[in-house]
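Below you'll find the structure, written out as structure tokens, and then a few comments.
The values are calculated or read from the model by the stated rules, or taken from the named source; none is laboratory data. Just so it is clear, the structure is predicted and the values come from calculations on it, not from any experiment. Neighbour counts are summed over all protein chains in view; Cβ atoms, including those assigned to glycine, are modelled from backbone coordinates with ideal geometry. The protein model used for the area step is the full one, side chains on, heavy atoms only, and it has no ligands, DNA or RNA in it. Shrake-Rupley method; radii C 1.70, N 1.55, O 1.52, S 1.80 Å.
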Amino acid sequence: MKKLTTMFSVLALYAGMSAGVQAAPDTIKFSHVVAENTPKGQMALKFRDLVEERIGDKYVVEVYPNSQLFGDGKEMEALLLGDVQFIAPSLSKFSKYTKKLQVYDLPFLFKDMKAVDRFQQSPAGQALLDSVNSKGLIGLGYLHNGLKQLSANDPLRVPSDADGKKFRIMSSDVLAAQFEAVDAVPLKKPFSEVFTLLQTRAIDGQENTWSNIYSKKFFEVQPYITESNHGVLDYMITTSTEFWMTLPDEDREVLKNALNEAVAYGNAIANEKAMKDRQNILDSGRSEIITLTDVERQQWVEVMKPVWNQFQGEIGEEVIEAAVASNQ
Ligand code: LMR
């Protein structure tokens, strides 16, 4: 009897296949650490929707925001293990895989986001996307968030105001050196822990973009935000060689086009989002936004800029020069 049932199941399966019953779509997981209402969050959702529209019979993209699936300490390993297929970490989080991307962390390197964009699109900027290839990772493109601001429990107007204060930083030696340059104490911590660290006053401050400060409510527990625009926080959309290169060519192309469009969308809203969230913070009355005078800002530049020399060997002089040239 059992034999007969098995035979019928096999026949039914065969009949289903020949009648065109399709296999379930493959799941593609996109994991990130920020809120959905941010350039990265919106970009990932756009990518999901475009894939569904264009090739939804073959692939379904699941987006996991807010470190739900993996925090930033784990997402690259998860990518290499095949537990997730796309991530978009901040450029500051790649130092285990390449030292070249450290260029983006150099303080006061880019005068504005247009300069960042020019550098990213230049041959030198594009070449940096390949700097992780030897580690089994593929950089598929850049995504903007924006320029970083300094938030703290006390007002930060001149570098000596940061003396002895503890700042959360992303896992970057350049960022550590930047805070050491003002005699502050940098602490490398995952993004998911920042709010609690600030709320409990285990740390005094942090640096981040307007959209992250707003969407993660840092402004509710940080009475002062200095509009320093001292560095950039952008992303590299990253996949693994193992996943990407084993896709059928035609699928890879559809996915890449969808990704490019999603990135263009994310980039187009990034600046507007930054300005809107800055205004939201201002309107909340929870945090005072400190505008630096030219003289005050110049003091931060003078103390922090020597950090460039410390990392020039690892990054490459020509890469730094190309980045500087993008300011013109
Ligand atoms: C941070 O850790 O502060 C940021 O990298 C979070 C993000 O992905 O924007």
Dipole magnitude of the chain, debye to nearest 20 (Cβ charges: Lys/Arg +1, Asp/Glu -1, about Cα centre)
740
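In the stretch 107-179, what trypsin sites (Lys or Arg not before Pro) fall in a loop by DSSP, with at most 15 other Cβ atoms inside 10 Å? Can you show the working numbers first?
On the way: sites: K111, K114, R118, K135, K148, R157, K165, K166, R168; in loops: K111, K148, R157, K165.
For trypsin sites (Lys or Arg not before Pro) across the stretch 107-179 that sit outside H, G, I, E and B with at most 15 neighbouring Cβ atoms in 10 Å, the list reads K111.
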Set of aspartates and glutamates near K114 by C-alpha distance (under 13 Å), chain-local residues within fewer than 8 positions excluded:
D234
Contact order relative to length for the chain, counting C-alpha pairs under 8 Å separated by 6 or more residues, stands in percent at 25
Calculate, for Q279 and A23, the FRET efficiency according to 1/(1 + (r/R0)^6) with r their C-beta to C-beta distance and R0 35 Å; round to the nearest 0.05.
0.10
Stretched fully, the stretch from S160 through Q298 gains (0.36 nm per residue minus C-alpha distance, one decimal, in nm) 48.4 nm
Grab the other residues whose beta carbon is less than 15 angstrom from that of A202, score K and R as +1, D and E as -1, and report the net.
+4
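At a 1.4 Å probe radius, carbon and sulfur cover how many percent of the accessible area of the chain? Could you put the intermediate results ahead of the total?
Working: 7740 of 14940 Å².
Here carbon and sulfur together make up 52 percent of the probe-accessible area.
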Calculate the length of the line joining the C-alpha centroid of the stretch 187-262 to that of the stretch 275-293, in whole Å.
20
What residues from the stretch 82-116 fall in the zone where the backbone N is under 19 Å from a label point 7 Å along the Cα-to-C-beta line of K305?
103-113, 115-116
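How much mean residue ellipticity at 222 nm does the chain get from its helices, if each DSSP H run of length 4 or more adds -39500 (n - 2.57) and you divide by all residues, to the nearest 500 deg cm²/dmol? Intermediate values should be presented prior to the final figure.
Working: 13 runs with 145 residues, N = 328.
Per the formula, -13500 deg cm²/dmol.
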Rg (one decimal) and Dmax (whole number) from the Cα set of the chain, in Å, equal 22.5, 90
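Determine the per residue accessible area of the chain with all protein chains present and a 1.4 angstrom probe, expressed in square angstrom. Intermediate values should be presented prior to the final figure.
Working: 14940 Å² over 328 residues.
With the other protein chains kept in place, the chain gives 46 Å² per residue.
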Taking the stretch 8-167 and dividing mean pair separation by its residue count, relative contact order in percent (alpha carbons under 8 Å, at least six apart):
19
